[in-house]
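Have a look at the structure below before the remarks.
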Amino acid sequence: MTASMRKRIGRRGLVARNWRTLAGAVLVGAVVLGALVGPALLPHDPLKTDFLATLAAPDGRFWLGTDELGRDLLARVATGARVSLLVGSLSVGLALLLGTTIGLLAGYGGPIGDTLLMRAMDVLFAFPSILLALAITAVLGPSLGNVIVAIAVVYTPVFARLARAQVLVVRELAYVEAARAMGFRHGQILFGTILPNVAGPLIVQGSLLFASAIITETYLSFLGLGVQPPQPSWGSMLRDAIGFMEIAPWMAWYPGIAIFVAVLGFNLLGDGLLDRFDPRRA
Amino acid sequence: MITRRTLLSTAAAAPAAGLVPNMLSRAHAQAQTPRRGGTLNVGVVSDPVTLDPAFMASFFEVYVFGTLHDTLLRITPDLQIEPGLATMTAVSPTVMRFDLRPNLKFHDDTPLDAAAVKWNFDRIMNPATASLRRADLGPLTSVEVTGPLQVTMTLSTPFAPFPHVMGARAGAMVSPTAAQRLGADFGTQTVGCGPFRLVRWTKNSELVLERFPGYWRPNQPLLDSIVYRPIPDETVRLTNLRSGALQLIDLVPPQAVAGLRGAANISLRERPSIGWNAMSLNVTRAPFADVKVRQALMYAVDRDAINRVVYFQTGTPAFGPIPPAFGWAHDAAFKPFSYDPARAQALLREAGVSTPVPFSITVTNSPLQIRLAQLIQAQANQAGFRAEIRQIDATSLITVLRGKDFDIAWSPWSGRSDPDGNTFNMFTAGGPTNFTGYASEKTTELLREARVSSDQTRRAQLYREVQQQLAADAPLLFFQFDSIIQASSSRLRWTQYPDGGFALGDAWLES
């Protein structure tokens, strides 16, 4: 950050934003760490049932208690983190890849291609995102892979619109004209010159959608359309917990807290990145 | 009538016994004066598919069957047969005479006489109607009007469950004039002769019945109206009962039972059901075409664990289709399988299949069934299988079962009041609810004999042999005899039935 930028934001605002970014990074780091090493370090297998220890309250043996089939909730929450991160990264990554490509082509190509591509994106946009994701998983059938595909399809138009809008601005700039004048091919201009200059906002958008993707996965798993039992996911753990809210409320607490922490973390981090990349706010 | 009779006897006996009022519980004191009026809101799992008894095939129709309809004979909660619309006299083992009560009417004022009864049976028996009741009637060959209020039915062979059939769907009488007038719409605008008549049915929202003033039982019905609300989620049903929005609910989640036993303002009712819980094994394809592999699965599953973990001890482990509610036919000592994973593995070795043996467990998307599937999966995987769970929506289940598109699948039976209804159609070759593809000459022979025998001791013996044969052939994994678990506002007085049905003619709300 330059001195002039610092001056513009003011010291207090910067500190507050850094604090939030840091908090986001810590929360996300905790989730990632839990997902990576948790299942290996923890004493219990997330799928191991113990029919003599069902609905056990948190104690020395099961730190977060057990579920209705006597499975360790801590191990399941940690394994659920893997599912959430996997879905978040793959679906957002896929949407980023598809959406950016479509947006670049639409923004850079002729009006016919632009109209065709963007109207197709508008069709996807017309549906509420959760409804579209539901419809896609319902058609494809319940599985983790299909959830990833569904979320990717839902988020593709977001990236396509954003990328196109950026391209429309950037393609008129002098350095693009210079590249054209130097005889670069379209592909080189598009991916070598334009893409690096529009990537910032796309990455910010990606980090914000990461949190939404996690939420969407929990919705779908909650409805039984996501990860199939006995594999745990936070959403399916919440669904299992509903019937036991009165006699074993801890079944709902921990996946609920995990969702809260992960979503808050990614949102704070995305906000921080927004500050870093958005020329109007930085 | 049981409740009313009990109530009346209590009322009569209390002063005679010299009981002082404060020794009577509040319930008994109140019970002396059944009160007219009020609306009962009932939370049920799902809408019925049809209101026409000729086509009822889903469990969810038991909720309206006893309120909208009435039957020639009545099955009491203790599975005894009583006169209903008519009194039955056995002229011979194959000729039954039914004498109707005088002045009976349908909800549309059409007289319920011998001609109307004959019309009902002609409708069911006519192959063009394609009624599901035709199979229920077994060897019935003719129904003749032998008096203004008398019909005589002739069977081709003796048929032991016949009185029970006349107390169930096939014995329900509907209005001939309304059925002819409404045609295909009769299923949603059915006109019967039960204690309540249909007002309106908004699918997936509410089904409203009102008091039928022309009902024949004295002092019935007591309620002004009944509103059924379909609420698939067990937790939501229970919450609505607690909040007072509903006064009666079906299928209380088993894990909530312990907490409700002492609850104020809510009265929990439990009663052993006449049905069974089981998974059907598809015997027409690998891996369960091999009886040794089927046997292995029987030993691989711990039924006590299922009853404890899935059903929270609300039922009893099952090994066959005859539940304890049938006192005379149930065999309490029948326990052909123990939980023995080593034995299961040995059986798989004998079968010569390569382990782990893969198979899928098909269940519908309900928490209880998913819990059950995961438990069976965990135990089967310990015993040489590799199970995966396939969740489908509840409406697809019947298609999957009929198409034999499964390895093992959730297929419980809500039960009939005679053991024949719990066995014949599922375990005879080609039976209408034989989803497994099981065909055993011996079983079919035993079941045929049990249907025609009039000697209850002999019948009990035959059903024991049927259970043994089923255990040997293992076409189904029986695991639990469940309980009917329902709950109501403690203000509601009502009679519970072992098939889970509601017949609320005698029900009333305390003020």
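Annotations for the structure displayed:
- Residue, farthest from B:THR239 (Cα to Cα), within the stretch A:244-282, restricted to residues that are part of a loop (DSSP other than H, G, I, E, B) and in contact (Cβ under 8 Å) with a residue 60 or more places away in the chain: A:ALA282
- Within the stretch B:345-434, helices (runs of 4 or more DSSP H) holding 3 or more residues that are within 14 Å of another protein chain (Cβ to nearest Cβ): B:367-382
- Per the conditions (1) farther than 18 Å from B:VAL44 by Cβ; (2) away from chain A (no Cβ under 14 Å); (3) not hydrophobic (A, V, I, L, M, F, W, C), the sole criterion not satisfied by B:ARG271 is (1).
- Any hit, the stretch B:472-491, residues being farther than 21 Å from B:ALA333 by Cβ, surrounded by fewer than 22 Cβ atoms within 10 Å (Cβ to Cβ) and hydrophobic (A, V, I, L, M, F, W, C): no
- Taken together, B:ALA130, B:ALA115, B:ALA170, B:ALA178 contain a single residue that is aliphatic (A, V, I, L, M) and at positive phi, which is B:ALA130.
- Of all residues in the stretch B:341-390, those that are among the polar types (S, T, N, Q) and touching a helix residue (DSSP H, G or I) at 6+ places or on another chain (Cβ under 8 Å) total 8.
- The set of residues from the stretch B:245-268 being within 13 Å of another protein chain (Cβ to nearest Cβ), of a type outside the set (Val, Ile, Thr) and surrounded by 15 or more Cβ atoms within 10 Å (Cβ to Cβ) comprises B:LEU251, B:PRO253, B:PRO254, B:GLN255, B:ALA256, B:LEU260.
- Looking across A:LEU105, A:LEU33, one residue alone is without any contact (Cβ under 8 Å) to a residue 12 or more places away in the chain, among the aliphatic types (A, V, I, L, M) and outside any loop (DSSP other than H, G, I, E, B). It is A:LEU33.
- The one condition in (1) hydroxyl-bearing (Ser, Thr, Tyr); (2) within 23 Å of B:ARG285 (Cα to Cα); (3) at pLDDT below 95 that B:SER453 fails to fulfil: (2)
- Candidates are the residues of the stretch B:435-446 that are in a loop (DSSP other than H, G, I, E, B) and free of Cβ contacts under 8 Å to residues at least 40 places away in the same chain; the one that is surrounded by the fewest Cβ atoms within 10 Å (Cβ to Cβ) is B:ALA439.
- Any hit, the stretch B:493-504, residues being part of a helix (DSSP H, G or I) and closer than 30 Å to B:ARG211 by Cα: yes
- Checked against the criterion of being farther than 29 Å from B:ARG229 by Cα, at pLDDT below 95, surrounded by 15 or more Cβ atoms within 10 Å (Cβ to Cβ) and hydrophobic (A, V, I, L, M, F, W, C), the candidates B:LEU112, B:LEU19, B:LEU24, B:LEU104 yield just one match: B:LEU24.
- Restricting attention to the stretch A:36-68, the residues being away from chain B (no Cβ under 14 Å) and either among the hydrophobic types (A, V, I, L, M, F, W, C) or outside any loop (DSSP other than H, G, I, E, B) (or both) number 11.
- Filter pass, B:ARG242 being away from chain A (no Cβ under 12 Å) and in contact (Cβ under 8 Å) with a residue 24 or more places away in the chain: no
- Only a single item in (1) more than 17 Å from B:PRO48 (Cα to Cα); (2) not small (Gly, Ala, Ser); (3) not in a helix (DSSP H, G or I) is not met by B:ARG134, and it is number (3).
- Residues within the stretch A:64-92 that are among the basic types (Lys, Arg) and either closer than 16 Å to A:GLY226 by Cβ or within 24 Å of the chain's Cα centre (by Cα) (or both), tallied: 2
- Positions within the stretch A:207-257 being away from chain B (no Cβ under 13 Å) and at pLDDT below 90, in sequence order: A:SER207, A:LEU208
The values are calculated or read from the model by the stated rules, or taken from the named source; none is laboratory data. Note that this is a predicted model, so its numbers are computed, not measured. Note that each Cβ is placed from the backbone with ideal geometry, even for glycine, and that neighbours are counted across all protein chains shown.
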